[in-house]
1. If we sort 336-349, 166-179 on the protection proxy, mean other Cβ atoms within 10 Å, highest first, what's the order?
2. Summing Lys, Arg as +1 and Asp, Glu as -1, what charge do residues with Cβ under 10 Å from the Cβ of Glu236 carry, Glu236 excluded?
3. Sort 314-321, 140-147 for me by packing, meaning the mean count of neighbouring Cβ atoms within 10 Å per residue, highest on top.
4. Mind ranking 292-302, 112-122, 256-266 by how tightly packed they are, going by the mean number of other C-beta atoms within 10 angstrom, highest first?
5. Counting only heavy atoms of the protein chains, get the accessible area per residue of the stretch 258-324 (1.4 Å probe) and round it to a whole Å² value.
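The values are calculated or read from the model by the stated rules, or taken from the named source; none is laboratory data. Keep in mind that this is a model prediction, so the values were computed, not measured. Heads up, the Cβs are rebuilt from the backbone with ideal geometry, glycines too, and the neighbour counts pull from every protein chain shown. Just so you know, the surface numbers come from the protein's heavy atoms only, side chains and all, with ligands and any DNA or RNA stripped out. Shrake-Rupley method; radii C 1.70, N 1.55, O 1.52, S 1.80 Å.
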Amino acid sequence: MAERLTDLLHHTVDDVPVPHPDAFAIASAGRARRTRRRVGTVAAAAAVVAAAGVGVAVVAGLDDGPARSSQVATQDPADAAYAELGAFSVGGHVSVGDATADLSPAPHHLAQTSVGVVTQATLGSDGSDGRAFGLVRPDGTATRLSIPSDAWSVTGDPHEPRVAWLVPLKNEGWIHVWDVAADRELATLRVDLPGDTPEGGKSGLREVQLDGDFVYVGTDVRTVHRVDWRTGEDQELPFSPVDVHDGVATSFDDAGRWTLVDAATGDVIRDLGPRLETVKLAPDGDHVFVVRFDDDGSRASVEPTRGGTSVDLPGFTGLSSWTVGGRVVGQLDEGPATLRRCDVDGTCQDTPLPWVDQENPIALPADYLMVG
């Protein structure tokens, strides 16, 4: 069936323990090997402003930085390969562009940033340092990150070297923004929450969304805090975001109907309808990948955010994602040892998918988010 890969990953993820942060105690141990040598270098410059506290925000070492780009810098072949090929993992093998790092234990979540993917793994009782997060760069190098253990999951910004997460407490939460290139915290902000968790009920904890200067936190009364993490300014909007990129957000209501909305105002851009398995925005916010249910099963397509011609992407399932350069990537349902990458015009390329076997049948795409 077309849903068998999705079902298998759902069962796999269900086995991953995600306890309340107060009881969350995990550690990280890993090894990484470099699979090829970096060719060329990327020059980067950033103007650093003095540390400042604004309201409840604690902000340190902010950079003004260059204008945001729709993909990572491409003067380095490693970065160009990352933008084009994307990132995924099979067991402990983490593929970033055309490089691979071998991690132990295997990660259960990958978050894309402009400088590589942040990996998260759950360790057993032998973990000692409380760190489960690492960064795998496009050249294949893997390093640990000092993200604290109360970060139950992180969301990356594909345009910037940053991730964010929320630590929920009773009637409040704490937003954290982290620079993964420098491995340091940029901001900590308090936000009011109407309950013990940001989504409450059956949905449990949900990842916040990071889009440039803004962090989006959904609540259990279907409002969203849009927080400027540089200034602490908090704006409430009447929708619950699932995905946010370049000012566009995906959202669904209690009836399961999906919409695309303006992330700054909450205005509906487009009604996508019900019976959708997957709705995922491209990093530039211009296209959306959709898997719809119909009488013949499920059908994957990519279409312009603001309306236009839908392009079918045969073979894709909900276990698919975007590269930072704007291509859809996923494991084929009917050929699990094959990875397919497609441009938004429907031009696709298939490549053999290494490491897939009975023990590790799933290629986990970066930024795959369980909803509900």
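1. Details: 336-349: 16.4, 166-179: 19.7.
Highest-to-lowest ranking by the protection proxy: 166-179, 336-349.
2. Numbers: positive: Arg226; negative: Asp192, Asp234.
So the surrounding residues net to -1.
3. Numbers: 314-321: 22.6, 140-147: 19.1.
Output ranking for 314-321, 140-147: 314-321, 140-147.
4. On the way: 292-302: 15.2, 112-122: 25.9, 256-266: 17.5.
Ranked by mean Cβ neighbours within 10 Å, highest first: 112-122, 256-266, 292-302.
5. Working: 2550 Å² over 67 residues.
Result: 38 Å² per residue.
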